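To keep things clear, I will list the structure first and then write my remarks on it.
The values are calculated or read from the model by the stated rules, or taken from the named source; none is laboratory data. Keep in mind it's a predicted model, so treat the numbers as computed, not measured.
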């Protein structure tokens, strides 16, 4: 009985502390810059800026929706 309790305790500790610490494959987006000031804008002005980014994660990064702010 004592042997089973030790094994049970070890399995429980492993599941609670070791497994959550493992990192799983996932994408991670990294921008060169997170904001850009377009300066003063007037009605009907058109300005643009390209935000460059890369995937620094270990899984494929998919960008599905982009919205200007």
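Quick notes on this one:
- Test: residue 43 is assigned to a strand (DSSP E or B) and at pLDDT 85 or above: no
Table: residues versus (1) at pLDDT below 75; (2) assigned to a loop (DSSP other than H, G, I, E, B).
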position	(1), (2)
4	yes, no
8	yes, no
24	no, yes
30	no, no
36	no, yes
39	no, yes
48	no, yes
54	no, no
65	no, yes
